[in-house]
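The values are calculated or read from the model by the stated rules, or taken from the named source; none is laboratory data. Note that the structure is a prediction, hence the values are computed from the model and not measured. For neighbour counting, all protein chains shown are included, and Cβ atoms are generated from backbone atoms with ideal geometry for every residue, glycine included.
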């Protein structure tokens, strides 16, 4: 089955800095890669996603890049703000099964 | 956007009793729903895939007789924790796939905090 590795487990940055979270996956059949933000005690919220036919996608301060050959994808947050503090999960979804496999999560802390 | 409602948001029950958790897709139809368990500061662990009109598919190590899943309609799946014990205390979250979104996007319910005493 699919295996998703996510790094780092914790990321601490100053407000205004950029943050990068990286994930790797093992199943070459995976073709959909969502990123979720989960605040303490709340549900994961989809913040951005990318499909395998695209190399990069951007939405305001958030961007995701995908390297299919190397089987890794990354989340980039620019001009971080304290409200960006949360746990971020990446996921890889194989076409056909549509069952996402989640990374272990990254706790992002943005210091004012 | 797609909304998934999970109920109850928290429940406290006595050891040995059963608890039912509901997961509803409010504005879309969901042939497939997923049930996860999340321990503090950990990732989402898939327990089972719930398929409308058929039996759920359980992940390895998840007891299907303990965690009963019913997906009787395109908008409702239920998870029943039977004979609950303190070790079943956890955060349970469902997610649902929108049939009309190309089948890829999944949206989460708000989760249920189960405490067994």
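Side notes on the structure shown:
- Given (1) within 14 Å of chain A (Cβ to nearest Cβ); (2) modelled with pLDDT of 95 or more; (3) outside any strand (DSSP E or B), number of the condition residue B:114 does not satisfy: (3)
- Among the residues of the stretch B:13-38, those identified as within 14 Å of another protein chain (Cβ to nearest Cβ) and in a strand (DSSP E or B) are B:21, B:23, B:24, B:25, B:32, B:33, B:34, B:35, B:36, B:37, B:38.
- Of residues in the stretch B:39-56 being at the interface with another protein chain (Cβ under 9 Å from one of its Cβ atoms) and in a strand (DSSP E or B), the one farthest from residue B:91 (Cα to Cα): B:49
- Checked against the criterion of being away from chain B (no Cβ under 14 Å) and crowded, with 17+ Cβ neighbours inside 10 Å, the stretch A:27-37 has at least one qualifying residue.
- Here is the figure for the stretch B:10-31: residues that are out of contact with any helix residue (DSSP H, G or I) (no Cβ under 8 Å at 6 or more places or on another chain) and modelled with pLDDT of 95 or more total 14.
- Every residue from the stretch A:75-96 that is at pLDDT below 95, touching a strand residue (DSSP E or B) at 6+ places or on another chain (Cβ under 7 Å) and surrounded by fewer than 22 Cβ atoms within 10 Å (Cβ to Cβ): A:94, A:95
- Within the stretch B:68-88, tally of residues that are within 14 Å of the chain's Cα centre (by Cα) and over 17 Å from residue B:32 (Cα atoms): 4
- Residue within the stretch A:97-107 that is more than 15 Å from residue A:8 (Cα to Cα), modelled with pLDDT under 95 and either more than 9 Å from chain B (Cβ to nearest Cβ) or not in a loop (DSSP other than H, G, I, E, B) (or both) present: yes
- Residue match in the stretch A:48-67 (condition: at pLDDT 95 or above and closer than 27 Å to residue B:90 by Cβ): no
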